[in-house]
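Just so it is clear, none of the values below were taken in a lab; they were calculated from the coordinates. The model shown is predicted, which means the values in this text are computed figures rather than measured ones. Cβ placement follows ideal geometry from the backbone for every residue including glycine, while neighbour counts extend to all protein chains displayed.
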There are 2 protein chains.
Amino acid sequence: MSIDDVVPISQGSRFGGPNSVGLVQTQFLTFAQPPGELELECGQKLGPITLAYETCGTLSPQRDNAVLILHALSGDAHVAGYHTPGDRKPGWWDLFIGPGKAIDTTKYFVVCANIIGGCKGSTGPSSVNPATGRPFGLGFPMVTISDMVRTQKVLMDRLDIPRWLSMTGGSMGGFQVLEWVVRYPDRVASAIPIATAARLSAQGIAFNEVGRQAIMADPNWRGGGYYEGDAPRAGLAIARMIGHITYLSDEQMHAKFGRRLRDRAGFGYDFKTEFEVESYLKYQGDSFVRRFDANSYLYITKSMDYFDLAAGRGSLVEVFEGVRAEFLVLSISSDWLFPTYQSKEIVKALKANGIPTTFLELQSPYGHDSFFLPNEQMSAMIAGFLENVQRRVREAAAAEGPEP
Amino acid sequence: MSIDDVVPISQGSRFGGPNSVGLVQTQFLTFAQPPGELELECGQKLGPITLAYETCGTLSPQRDNAVLILHALSGDAHVAGYHTPGDRKPGWWDLFIGPGKAIDTTKYFVVCANIIGGCKGSTGPSSVNPATGRPFGLGFPMVTISDMVRTQKVLMDRLDIPRWLSMTGGSMGGFQVLEWVVRYPDRVASAIPIATAARLSAQGIAFNEVGRQAIMADPNWRGGGYYEGDAPRAGLAIARMIGHITYLSDEQMHAKFGRRLRDRAGFGYDFKTEFEVESYLKYQGDSFVRRFDANSYLYITKSMDYFDLAAGRGSLVEVFEGVRAEFLVLSISSDWLFPTYQSKEIVKALKANGIPTTFLELQSPYGHDSFFLPNEQMSAMIAGFLENVQRRVREAAAAEGPEP
């Protein structure tokens, strides 16, 4: 489900409207120039690295109001607002970011960067490999959630942000939130992981692997070296269709499509698209192919598979020992890809460490992807949480007195 | 999950053991010879039609002890026993069929036929089209659950069975059970639909469609005309992998595989198979390809998509109005492909008609495919139900007195 399928555009913020952040521009940060490449978790080096990012709102003079948004598998840096006045739709989380919204850009400075390994302006497998002058393809090194977070930390330092007031992300965005608070405990005041988990489940790995198999079985994939020919469109569309089913709930699919036929009065008794749900999935697959790189899909899903916050760090309770952020943990009642019990595991381990944690299971029938959809309860929870965190952070700063 | 993955062979019945039905032989019935072809639901004609079937146990002199087993997507006629003394494993439901088992072959005469559209001896897309002398491929007409049942009725008549004492099947086998009791109410004394529904859900259609897309995207598929070349193995394997995930539960995948790696001490940071769950799925996909025809997969999944017992017949309550069978309805607690609520819809509609119905949600963590696994509760329920039905049937026959 993407916003445009479900939300009338009027529910987003029109360009120029009072709730819109208006025009935003993608910016680029390049770092890790050789010989200062970033050593990745896999042991390989990567550099130079470019991060595409966008910001909205204004960084306060005290530099204490920055909120980092972490995107999921198919997201990008364009989180809110419009690139041009003529854009048909705003950034992917515009419903929650803007003046007067959950993450109020009159109060907060919002930052969102495309992950490395992606295909939306940050360095990934479709980028040109400086060593060869041609796209990396499978020559791109494997990147992990931890690697993504380390590049985001470089961006943070370049933006001269001492500490994130908060950070939030759903699904794989939540993986990054969790990695951030553990890896850089002094640099995060609060965190809002949404519809996520401390590790990808076996079922999640299984769905990802089938999607990858579909891409790699497409003869156009050619070992990842397809950039000068046809892309593995059929394989990527199948991978996306599989993923898409997991983002919806059985209940919502029933309500939205049921067993209705599309453009047919009766059964066709052939293998053409005939049920509405087939048509919807096919549309999702086809439109995804136009905007996403198949190799990025391979790399990003693999980074999800590898994610296990506690691996090599002890139990989840031990992992959170040094964490200093306070938490708002949100799960979604109908999410079967990242079920509520997985959020509860996080909450339990946080509370075992005495970390201030609010947990809420959002009642929504729309499955995993609910966090892309309008949800007043979610908006109110995030808005209230951020306000409280900001008040506490400023009170604490005032108590410490002005810096010398 | 197939039986050999989970059940030690010793839990099945060894060849020659006291609980084994021993050797069985596939038999073939051919009918609907032109010009007497069967007119299918899609409007096309099919004939001659061959059904592969097996039987075990002995038909009673009164011909009142026959139990029909209906298989699911990937099943066949070989439901119990062994084809040769050297067979490594018995038929697919051997755990429940044999002397002293749930369906006790010392009491009942068991019949199981491969569905039309299949690839295990019954007429399907890989059969030779008499009109061309070459395999049908996509020239095979679409067959529906109702068509399958109508061919099973021909077999019933040829076997001179006046009424089935009972019939049972899981998943798509349950679709056939439901179609039978509605279509031929006077010919079924009792029915045991397992892990099934009165219609395939939108989510079920969606998973089936993605599997079909994977097959049809395989260049070897060639519009279904691959029989003289390489089969679309990669596509079929992907379809099977998708299906397989839906047959397991999240809980069981976690317990069985978790995030364990296979044959690796640490992450490989490449796209080779490394998690155990990936390896398992790949094995399932690859082994399925060796035993199943890709076109049959297309036709059979499509017959599932089309299944909607009430379509064209009124409400589900109205559909069951003329039904005379009594019911044991079984669902599985961890089944998310055919969740319990779908069985409850059937139960509610049966009870609204005053039809004697026992319902049980089996507590099993193994997901949809639990009905292939050892389950003492399920065995006991089926055994007790069949005994009671047989007693009532015989009492009723005795009360009517000997036929003139």
Fill in the blank from the handout: Here the percent of antiparallel bridges among DSSP beta bridges lying wholly in segment B:77-209, to the nearest 5, is 25
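Using only atoms on other chains, find how many Cβ atoms lie within 10 Å of each Cβ of peptide A:272-280 and report the average.
Across A:272-280, the average partner-chain Cβ count within 10 Å equals 4.
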Problem - Projected label distance in nm at residue B:222 and residue A:397, using a 7 Å step from Cα toward the beta-carbon - result: 7.0
Practice task
Per DSSP H run of n ≥ 4, the term is -39500 (n - 2.57); total these for chain B, divide by its residue number, and report the mean residue ellipticity at 222 nm rounded to 500 deg cm²/dmol.
Solution key: -11000 deg cm²/dmol
Handout entry: Long-range HN-HN contacts of residue A:362 with modeled amide H, under 5 Å
Key = A:331, A:332, A:333
Problem - Euclidean distance of C-alpha centroids, segment A:248-310 and segment A:90-126, integer Å - result: 24
Exercise for the section: Would you mind giving the mean number of other chain beta-carbons within 10 Å of the Cβ of each residue in B:196-204, as a whole number? Expected result: 5
Problem - Cα pair distances in segment A:277-404, grouped into 10 Å bins until the bin that holds the longest one, percent each - result: 10, 25, 33, 22, 9, 2, 0
Fill in the blank from the handout: Taking a straight Cα-to-Cα line shorter than 13 Å from residue A:351, and setting aside same-chain aspartates and glutamates fewer than 8 residues away, one finds A:318, A:321, A:326
Practice task
Using amide H atoms built 1.01 Å from N in the peptide plane, name the residues 5+ places from residue B:45, or on other chains, whose amide H lies under 5 Å from its own.
Solution key: B:40
Fill in the blank from the handout: Filtered hits (aspartates and glutamates, Cα-Cα < 15 Å from residue B:107, offset >= 8 within chain) -> B:64, B:387
Exercise for the section: State, in angstrom, two size descriptors of segment A:25-68 derived from its alpha carbons: Rg to one decimal place and Dmax to the nearest whole number. Expected result: 14.5, 39
Handout entry: Eligible lysines near residue B:282 by straight Cα distance, threshold 16 Å, same-chain separation 8 or greater
Key = B:256, B:272
Practice task
For chain B, build the charge dipole from Cβ charges (+1 Lys, Arg; -1 Asp, Glu) around the Cα centre, then report which of B:379, B:130, B:62 sits farthest towards its positive end.
Solution key: B:130
Exercise for the section: Provide an ascending nm list, one decimal, of label-point separations from residue B:58 to the equivalent residue in each further copy; define each label point as 7 Å from Cα along Cα→Cβ. Expected result: 9.6
Exercise for the section: Kindly flag which residue pairs out of B:120/B:344; B:153/B:302; B:153/B:348 have an alpha-carbon separation exceeding 24 Å in this structure. Expected result: B:120/B:344; B:153/B:348
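Among A:391, A:324, what is the fewest-to-most ranking by other Cβ atoms within 10 Å?
Going from least to most buried by this count: A:391, A:324.
Can you sort B:67, B:24, A:188 so the residue with the fewest Cβ neighbours within 10 Å comes first?
Details: B:67 27, B:24 20, A:188 23.
Neighbour counts put them in this order, fewest first: B:24, A:188, B:67.
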Handout entry: Amide hydrogen neighbours beyond the local backbone of residue B:190, cut-off 5 Å, H modeled
Key = B:166, B:167, B:326
Exercise for the section: Just add up the charged neighbours of residue A:46: K/R +1, D/E -1, any other residue whose Cβ is under 13 Å from the Cβ of residue A:46. Expected result: -2
Practice task
Kindly write out, for segment B:222-239 in residue order, the coupling ³J(HN,Hα) from the Karplus curve 6.51 cos²θ - 1.76 cosθ + 1.60 (θ = phi - 60°), rounded to whole Hz, with x marking Gly and Pro.
Solution key: 6, x, x, x, 9, 5, 9, x, 6, 6, x, 5, 5, x, 5, 4, 5, 4
Problem - Nm distances between copies for residue A:392, ranked from closest, using label points 7 Å along Cα→Cβ - result: 6.3
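Just tell me how shielded B:250-256 is by partners: mean number of partner chain Cβ atoms within 10 Å of each residue's Cβ, no decimals.
Averaged over the peptide's residues, the number is 4.
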